[in-house]
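S.K.: Pasting a structure below so you can have a look.
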Amino acid sequence: MKLVGNLYLPSNYKAGGKLPAIVVTGTWITVKEQMAGLYAKKLAEDGFATLAFDCRYYGESSGEPRQYESPRAKIQDIKNAITYLLLPVVDKSRIGGLGICFGAGYMASVAAQDSRLKSFATVAAWLHDPKSLKQLFGERVIQQQMQAGLTARKQYAETSIEIVPAFTTESNPLAAMTGQPIYYGNPQRGSIPEWKNQFALMSWIDWLQFDAVAIAKSHRMMVIAG
């Protein structure tokens with residue numbers, strides 16, 4: 001499996017120095033050139049070594065099927081990114097993580113599992129569990145998404161992958177995101193050439209069953225909210 005990322009260093013970095021590092025993960029369905037890259041560049045200006053990367057199935061990284069949102073794979077790839085950050089330029093005792101929107105759930109899971117990650121922060125955290133998903137989508141829509149995902153997985157095993165829009169302004173419960181084109185529909189923001197407006201329909205199976213809150217029952221951590 002090949003993962004591709006961009007490593008950013010402060011402009012005033014001097015060879016031989018050790019820097020605190022941050023691995024940055026954007027929300028679901030995104031690539032490194034979107035929000036993850038934006039935050040990584042800004043944090044590098046503040047003195048950090050930062051890494052924004054494409055998880056498997058997305059962007060320049062390898063993996064099939066393409067545009068497949070797998071929480072388990074993304075959590076593993078964040079761990080892989082931490083392994084990469086064990087560079088001579090990095091202070092290994094000061095590696096942190098930043099999770100943006102749904103990426104916060106992935107990063108929280110890594111923080112609970114991987115002791116190499118010493119701290120993590122979130123931006124607009126989306127930490128969903130089965131209860132919150134029912135409140136967001138409704139039971140009927142969740143059943144529709146799950147059934148469509150199961151059908152799509154069977155189709156992928158037999159013939160080909162089924163793709164739906166990752167974002168649409170139309171009403172489509174099977175698309176990953178719907179609404180106004182503020183980010184994903186704006187070429188100045190999220191609608192960039194590196195991003196494909198595609199979502200592997202079978203992603204719903206794993207995504208709907210991911211619980212970003214369950215780990216809180218067994219792991220203590222200091223939280224600063226603001």
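Read-outs throughout are calculated quantities, based only on the coordinates presented, and are distinct from any laboratory measurement. Given the structure is predicted, the values throughout are model-derived calculations rather than measurements. Heads up, the Cβs are rebuilt from the backbone with ideal geometry, glycines too, and the neighbour counts pull from every protein chain shown.
S.K.: Helix 103-113 sits at what angle to the longest principal axis of the chain, using alpha carbons and giving 0 to 90 degrees rounded to 10?
M.R.: 60
S.K.: Now a separate question. Tell me the Kirkwood radius of the chain: reciprocal of the mean inverse pair distance over distinct alpha-carbon atoms, in Å.
M.R.: Kirkwood radius, the chain: 18.3 Å.
S.K.: Checking a compactness column here: for segment 93-210, what do you get for Rg(Cα) / (2.2 N^0.38 Å), N being the number of residues?
M.R.: With N residues counted in segment 93-210, Rg over 2.2 N^0.38 Å equals 1.21.
S.K.: Would you work out the charge dipole size for the chain about its Cα centre, treating the Cβ of every Lys and Arg as +1 and the Cβ of every Asp and Glu as -1, and quote it to the nearest 20 debye?
M.R.: Taking the Cα centre of the chain as origin, the dipole is about 640 debye.
S.K.: Which residue, chosen from 169, 53, 188, occupies the Cα position most advanced towards the positive end of the dipole of the chain, where the dipole is computed from +1 (Lys, Arg) and -1 (Asp, Glu) charges on Cβ about the Cα centre?
M.R.: The Cα lying farthest towards the positive end belongs to 53.
S.K.: Please state the relative contact order of segment 4-217 as a whole percent: Cα pairs under 8 Å, 6+ residues apart?
M.R.: Computed value for segment 4-217: 21 percent relative contact order.
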